[in-house]
Structure formats: C-alpha cells, structure tokens
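Beneath this line is the structure, given in structure tokens, with notes to follow.
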Amino acid sequence: MKMPRRRLLRTGAAAAAALLAGGGSRAAQARPGAGGQAAPPAGPRKAYDYRIAFGAWINDMRVDPLPLENWPAPQLDDEAIASAVRAMDVQAEAGFNLLDVWGLFATYGWPPDIASAVDEDRRRRIVRFIEAARRRGLVPALGLGTYSWGYDRIIEADPEVRGKNPDGSPHPHAMCDASPKAFEYVRKIIDFTLGQFDFGAVHLESCDLGCCWCPACAGKDGVVAYNVRINRKTADYIKSRWPRKTVYVITINWAPAGKHFGEAEEDAVVELGKHVDCVFDQGHSGHHIAPARRAAFVRRLGCAYGTSGGVWLYPDTRWDRHSYFLPYPKRAAKALREHHAGGARGCMYYQGPVSNPGQEAMMAFGGRMLSDVDRSPEEALAEVLERLYKPKGEEALRRLARIFAVAEDSYFEQWSAEPFAKVWGIPVPGEFKLDQRLFGTCPGPATYLKEPCLGPEGRKAYRNGLRTILEEIPKLAGLCDDGGRLAAIRRSAIVTLNLLNTISYCLGEPIP
C-alpha cells in the first residue's frame, strides 16, 4: 500500500513527525559550483555549506572486512572502490556535497619520485572513484599530509628532510621545514595529484603523526603557529595554481587531548583563515576552540569554521560488518544544531560500511540534518527508515524507530564524564572505536563494552537494550521490505550480547 506522507513517530513513544513534502533527491540541492567549489545551499533552510562525507580511509567504508590487516588498510582494489561507490549512493541522496577519502595514492609513504606510486591498475581505480563521485554531485577531495602522513619512504631515502622530536631524536614520520627540499616534495605531490586527477578540493593535515620540533620549526614557533605556517604555505601554492579549488585544514593534534587554544593560538588560526576556505576543529577528544568562545572566534575567522559533529563511531576494518549496531541520531542532531548555532558551517561527517545498518542509517541521517539543521531528528530518521526499510504501515515504522532508539539510548546513556576523565584524561569523546587500540593484525577486543565506556551497570543496561531489540525484530516479520537489514541488526545484537556476557563472566558479573 502507498505510505502516507504523515507518520506517527517517536523514539520509544508517540509524537507526530511529518516527512518532507515532495521527497526527491537531496543531491539535486547540493551540486558543486564551477571549478569544484562547493555551492552554497539553496532556499531558506539552515544548512552547513561544507557537508563533507569523510571516508576517512577508503577501506573504512569497505563492505567486506579485512580481518588480518593493520590500520589503515592500504589496499586499493576493486572491492574498495565498489564499496565506496555504494556509499556514494547513500551520501548523494542524503545531501552531502563533498567526499573526502584518504588512501587513494600512498597510505604509508610516497616513493621519492612520486609518480611510481600509481601504476595503471591504481590509476584506473582512482579515476573510477573520482568519476563516480562527480556523477553523483559529490566534489572529491584529495587528502594530503602536510609534511607528515605519507613521507616515511621519502625520509628514509633522503635523511636531509627528516624532522626531529622534542628531545632532538629523529622523527619517524615528519619532515623538517628548515630543509628547502621538504616543501619540494610536497609541491611535487600536489602537482602530480591535482595535475592529473580531477579533485575539486584538498584536505590538508599536518600533525596527526606529529611535526618537527627543531629550532626552526615547532621549537621556534610552537605547535600551533608552526602548523599554521606550513599549511598556509601549502594552501597558497595550491591557490596560486588552482585558485578555484576548495582548501581546508584540520587541526588534529595541534593541542593535547582535552586542551583548548589560548588567545595567541587562536590569533594564529585566524591568520590561517585568510588563506583557506575552512578550518576544521573536529573534536576527537574535545574541541581546540572552547565552546564558550566558539561564536566569538568564528566572527573573527576569515573563512568557514567546521567540526565533525558531537559524536561519531570510527569503524574498524577488521571487524565483521554485522557484529555491531550503534546508531546515535539524537546525539548527532543535538550537536549539529549546537555547532551550527555557534557559527560552524562545515562538517566532516564520518562514514562507514553501508553493509552495517547502523552506519548506513547514520550516513543517510547525517546528510539530511546537515542540509537542514532545523528539521526534527524524528522526521529525518522517519524518512531514512522509510527509504531503507520500506515499512508497511505506521505501526511497522514505530517499531523500527523504537529499535533505533533503544540501540542508541541503552548504550550512550551509560556514558558519563567521570569515567572518561579517570581512564582517558578527557571529557566524553567525540570519536570512539570498537577497539580503542586501533592498530592490530586480527579482530581486536571489544573495548567499547568496557570502562570507561561501560561499567558493570552500563553493561547490564546495554544487555537489556539488546534483549529488547531481539524481542522487537520478530514482530516486524513480513512488515518491511528491508533488504536483509533487520537480519543484520539481529545478528549484531546476538554477537554483541555474546561479547558482553563474555566480558561480564570474566569479571564475575551476573548474567542471565
């Protein structure tokens, strides 16, 4: 039967939620401007200008896991591209307008000659990726390490460019700006990638693997001013040759976890804003700009300010894609609204494998909220569930919404600042992982089910929530044309219960 345009929806109870009149693809409202610049949103909606689907590494979106591969997985094979294209279909329909993915060229290190990083098979796959994004109205962004990320092989072959740690020892990953040859390598990479491939934007990242601390680099200027300097120089070079490319910088690791920039550091970032289109203060372990100062800082900044929303799951390439189910639409919507009200106009919204029903729904939900922050989260979620699960009637939609609400609340309502501060030394994080270790060569432990994320009472509450989900799913039998998504949720609940009960058993906690 034809679904009515008005639905009765509430995350666990009942409230009216109207679906968007007219429907249609959001991608049609988010086409890139000339030269690859992201176009501003049309109409009166309060939208983020830079609605970035952040991959982040291409295999993070991989549908088929790589259980024995260390992070970040370096493969650029046909499966990686096919999985990314499946994700693009969700991203474009949801309203994203840029696609930012790393790992297309050299995950661990560029060769000194640069060009030999790309053989014909790799070139074919990169071109396919870019063309698929362009056809869907997504501006592809080049991920570029600025002096770190991707320079290990260059440093090994040319020690003259190697940076130093704070204690003066050789840095394993970062180049030194005091060596003129260092920027020559950066320039060659830019010329090669932007000269031969149709990227419309560039994501500059200079400190994720650290930076040089010699007396001419961070040892002279301090971390923030030094990173501003090398990113400004890189952005100016890009703009001098490709003035219509969108260039943005992220400030990851420019300050210790949980610490905010001081006034002098804010001033340095304001200067950087004269040279780039957006500065992203993502908020992995707290934002570098104190929330109370955000609005005033944004007014001074000569470009857009961006975050990654308030909370996001970073997927683990080694894990079975149906072994977890962690949607968080209410929390994401709350943060996106607050950040937009504080002046944020960019969001690097983390993506994941579309074969995981929680991550697929969050991708579809996030693009909708970024395109219209004033719409109700219940309405946006209703639209996502209707599109993906095709429920046959209002009762089926209510039950679907209840499953997502229970999945979110039974896990995230157990979080509190005190355990995170005690164990990690930070407030409640923006980014969390299934396995907090990140690195490894086999599927790791489910650290997201232990302290500081969940204590004994938290595990008990989450266990009850998962049991509720398993009780609800059979009631939807025959009521959804869901393409196997409910079966995937059921599997994830069973696997997660098994992990929870194993942890509780080992800790001597009571289990049913």
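With the condition kept exactly as written, say whether any residue in the range 356-366 is at pLDDT 95 or above and part of a loop (DSSP other than H, G, I, E, B). Looking for residues that are at pLDDT 95 or above and part of a loop (DSSP other than H, G, I, E, B), one finds at least one in the range 356-366, hence yes. Of all residues in the range 234-250, those being more than 18 Å from TYR50 (Cα to Cα), surrounded by fewer than 21 Cβ atoms within 10 Å (Cβ to Cβ) and not charged (D, E, K, R) number 3. Filtering the range 240-263 to residues that are of a type in the set (S, T, N, Q) and in a loop (DSSP other than H, G, I, E, B) leaves THR251, ASN253. Here ARG459 passes the criteria (1) buried (at least 17 other Cβ atoms within 10 Å of the Cβ); (2) touching a Pro at 6+ places or on another chain (Cβ under 9 Å) except the one numbered (2).
Out of all the residues in the range 300-315, which are in a strand (DSSP E or B) and under 8 Å from GLY430 (Cα atoms)?
TRP312, the sole residue that qualifies.
For the range 158-180, the count of residues that are under 27 Å from the mean Cα position of the chain (by Cα) and not in a strand (DSSP E or B) is zero.
With the structure loaded, tell me whether GLY465 is buried (at least 17 other Cβ atoms within 10 Å of the Cβ), of a type in the set (Gly, Ala, Ser) and touching a His at 6+ places or on another chain (Cβ under 9 Å) or whether it fails that test.
No; evaluated as a whole, the condition is false for this residue.
Anything in the range 485-512 that is farther than 19 Å from TYR448 by Cα and hydrophobic (A, V, I, L, M, F, W, C)? List them, or say none. Listed by number, the residues that qualify are LEU486, ALA487, ALA488. Would you mind stating whether CYS217 is in contact (Cβ under 8 Å) with a residue 12 or more places away in the chain, out of contact with any helix residue (DSSP H, G or I) (no Cβ under 9 Å at 6 or more places or on another chain) and crowded, with 22+ Cβ neighbours inside 10 Å? Spelling it out, it is not the case that CYS217 is in contact (Cβ under 8 Å) with a residue 12 or more places away in the chain, out of contact with any helix residue (DSSP H, G or I) (no Cβ under 9 Å at 6 or more places or on another chain) and crowded, with 22+ Cβ neighbours inside 10 Å.
So that you can scan it fast, the table gives a plain yes or no per residue for (1) in a loop (DSSP other than H, G, I, E, B); (2) under 22 Å from ASP320 (Cβ atoms); (3) in contact (Cβ under 8 Å) with a residue 60 or more places away in the chain; (4) out of contact with any Leu (no Cβ under 7 Å at 6 or more places or on another chain):
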site: PHE420; (1), (2), (3), (4): no, no, no, yes
site: GLU457; (1), (2), (3), (4): no, no, no, yes
site: ARG463; (1), (2), (3), (4): no, yes, no, no
site: LEU486; (1), (2), (3), (4): no, yes, yes, no
site: THR496; (1), (2), (3), (4): no, yes, yes, no
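If you check SER285 against the conditions, is it among the hydroxyl-bearing types (Ser, Thr, Tyr), under 21 Å from the mean Cα position of the chain (by Cα) and surrounded by fewer than 23 Cβ atoms within 10 Å (Cβ to Cβ)? So SER285 passes the test. Within the range 135-150, residues that are closer than 13 Å to ASP208 by Cα and assigned to a strand (DSSP E or B) sit with their Cβ atoms under 7 Å from residues that are modelled with pLDDT under 95 and of a type outside the set (D, E, K, R), at 6+ positions apart or across chains, in these pairs: GLY150/ALA106; GLY150/GLY109. Within the range 322-337, not a single residue is of a type outside the set (Val, Ile, Thr), surrounded by 23 or more Cβ atoms within 10 Å (Cβ to Cβ) and closer than 19 Å to TRP254 by Cα. Number of residues in the range 199-216 that are within 22 Å of the chain's Cα centre (by Cα) and either modelled with pLDDT under 95 or assigned to a loop (DSSP other than H, G, I, E, B) (or both) equals 7. The lone criterion from (1) surrounded by fewer than 17 Cβ atoms within 10 Å (Cβ to Cβ); (2) outside any helix (DSSP H, G or I); (3) among the polar types (S, T, N, Q) left unmet by GLN414 is number (1). From the residues in the range 303-315 that are surrounded by fewer than 23 Cβ atoms within 10 Å (Cβ to Cβ) and touching a residue at least 60 places away in the same chain (Cβ under 8 Å), which one is nearest to GLU413 (Cα to Cα)? Going through the qualifying residues, I end up with VAL311.
Listed here are the residues, each with its yes/no results for (1) at pLDDT 95 or above; (2) within 21 Å of the chain's Cα centre (by Cα); (3) not in a loop (DSSP other than H, G, I, E, B).
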| position | (1), (2), (3) |
| --- | --- |
| ALA235 | yes, no, yes |
| ILE238 | yes, no, yes |
| GLU265 | yes, no, yes |
| HIS275 | yes, no, no |
| PHE297 | yes, no, yes |
| THR317 | yes, yes, no |
| TYR324 | yes, yes, no |
| ARG331 | yes, yes, yes |
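Pairs linking a residue in the range 95-119 that is part of a loop (DSSP other than H, G, I, E, B) and at pLDDT 95 or above to a residue that is of a type in the set (Phe, Trp, Tyr) and surrounded by fewer than 24 Cβ atoms within 10 Å (Cβ to Cβ), with Cβ atoms under 8 Å and 6 or more positions apart or on different chains, are GLY103/TRP57; LEU104/PHE129; TRP110/TYR185; PRO112/TYR185; ILE114/TYR185; ILE114/PHE192; VAL118/PHE105. Across the range 500-511, not a single residue is classified as within 22 Å of GLU360 (Cβ to Cβ) and part of a helix (DSSP H, G or I).
Could we say that ILE154 is closer than 23 Å to ILE190 by Cβ, buried (at least 19 other Cβ atoms within 10 Å of the Cβ) and touching a Pro at 6+ places or on another chain (Cβ under 6 Å) here?
In short, yes.
Restricting attention to the range 386-398, does a residue exist that is of a type in the set (A, V, I, L, M, F, W, C) and closer than 22 Å to ARG337 by Cβ? No, every residue in the range 386-398 fails to be of a type in the set (A, V, I, L, M, F, W, C) and closer than 22 Å to ARG337 by Cβ.
The values are calculated or read from the model by the stated rules, or taken from the named source; none is laboratory data. Remember, it's a predicted structure, so these values are computed and weren't measured experimentally. Here Cβ is always computed from backbone atoms with ideal geometry, including for glycine, and neighbour counts include all displayed protein chains.
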